[in-house]
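The next block holds one structure in the form of structure tokens; read it before the comments.
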Amino acid sequence: MKYIYGFLLIPMLALFSSCGIYSNYERPKDLPTEGLYRDSLQNNDTTSIATLSWKQLFTNPDLANLIEEGLKYNTNLQKALLQTEEADATLRQSRTAFLPSLSLTPEGQLSSFDGTTTKTYSLGASASWEIDAFGSLRNNKEQKNAAFEQSEAYAQAVKTKLIATIADSYYSLLMLDRQLEITENTITAWHENVKAEIALKEAGKANEAEVNQAEANCLNAEHSALKLKQQINEQENSLATLIGYVPQSIKRGTIDNQSFPTSLATGVPLSMINKRPDVRQAEYSLKETFYGVNSARSAFYPSINLSGTAGWTNSSGAAIVNPGKILLTALGSLTQPIFSKGLNEANLKIAKARQQEAMLSYSQAILDAGAEVNNALKQWQTALQKEEKNRQEISKLTIALRNTRLLMENSTTNYLDVLNAEQTLLNATLSAVSDKYDEIEGIILLYHALGGGSN
């Protein structure tokens, strides 16, 4: 019995001697978050658009329905969720390494010699258990856990990107619809202008050049309308396939009836680390490499295995009903690497290099996220300012067009001046629609840049 106690004492001593090998991951303290948002965009409020669910931000019922369908049927999201399930299964598998393995090994033999039949049997069970004295199993488990967290963050990133892309595609459709509506209204008005110019020519008050110019402008608008219809068709098909539908028309409202918050907050930069899934994914990759270095270090130390068998046998050849004798064996093994030191040193250097690479990627992910937040918020702010300028410009151009027509009626100007005024007003109106879309897109980009809200 004292030998058994002495045998069990070996792994206990090894366990205490390995306290310096295994360590827990801690987030780096020198992250590049200071000044991440530019001075004009600084916001120290912890409440921001990042805390809003997409349902609170995108309240349009048609859009909400499309997002719900996309979350159910989008193939990229489904694949990401399956990858998460795979990582979870791998993590569960790594946890079982801490448990002993058990197996049953029943055997039987029947032999006959010179008319005498002999029956032998053994009913045995074996068990083996690797003692995690130097943290090898724990580091492997933590690596698998970090890989699982990466897959979860990746799935969340895919989900956030999907929501933002569906919203952006939807509002792009609304913009194209409004531009087509304006263009078709212009075509109708210009057809009337062509008729009016023909009548003026017949009355001797206009010339052929003015008629041709009116017809050319009308044809140009019809060309633009055809191009817009093609873009709308392509955008509908793209949005349908993104969701998981066959190409089809998309039910939608109008861009003029969309409402969004009039003020947006970004929150403190450090909070984005916990909100944005791609930044979390980069950190989990760093965490995985951290435990990879620990695993590489543990390879320099021996592995300890305990194994044993127990059962019954009648190896003397007695009848099988005889319970026979009890078999009991125990074995302990300690494997110390001797000739693989060079390989282990190389693996440790590789693991450390990967950890440094992951740290650089993590820092860059934070910097990229900060730049995206700055760009999105600036786009939204600029679009609001441009919309106000557009309203003033359209008001002035509308008055200018009316005055130009009055001047033409009094024969102090020609019809080309009227056409130019109409063309300028049309361009300004189309630009206003585009700027309205830029405002909405800025909100969508900010939602995505800040991590996709609470989802």
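Here are some notes:
- Potential lengthening of the chain between Asn403 and Ile350 amounts to 11.4 nm, from the contour at 0.36 nm per residue minus the alpha-carbon distance.
- Take 25-33, 248-256 and order them by the average number of nearby Cβ atoms within 10 Å per residue, most first; the result is 248-256, 25-33.
- Extension gain for Asn420-Leu343 works out to 19.9 nm (0.36 nm per residue, less the C-alpha to C-alpha distance).
- Listed peptides 162-168, 354-360 by packing density, highest first (mean Cβ within 10 Å): 162-168, 354-360
- Per-pair calculated FRET efficiency, R0 = 56 Å: Glu192 and Glu86 via Cβ, rounded to 0.05: 0.30
- Distance between modelled label sites at Ala64 and Glu215, nm, 7 Å Cα→Cβ extension: 5.3 nm
Computed from the coordinates by the stated procedures, all read-outs in this text should not be read as laboratory data. What you see is a predicted model; the values in this text were computed from it and never measured. We place every Cβ from the backbone using ideal geometry, glycine too, and count neighbours over all the protein chains shown.
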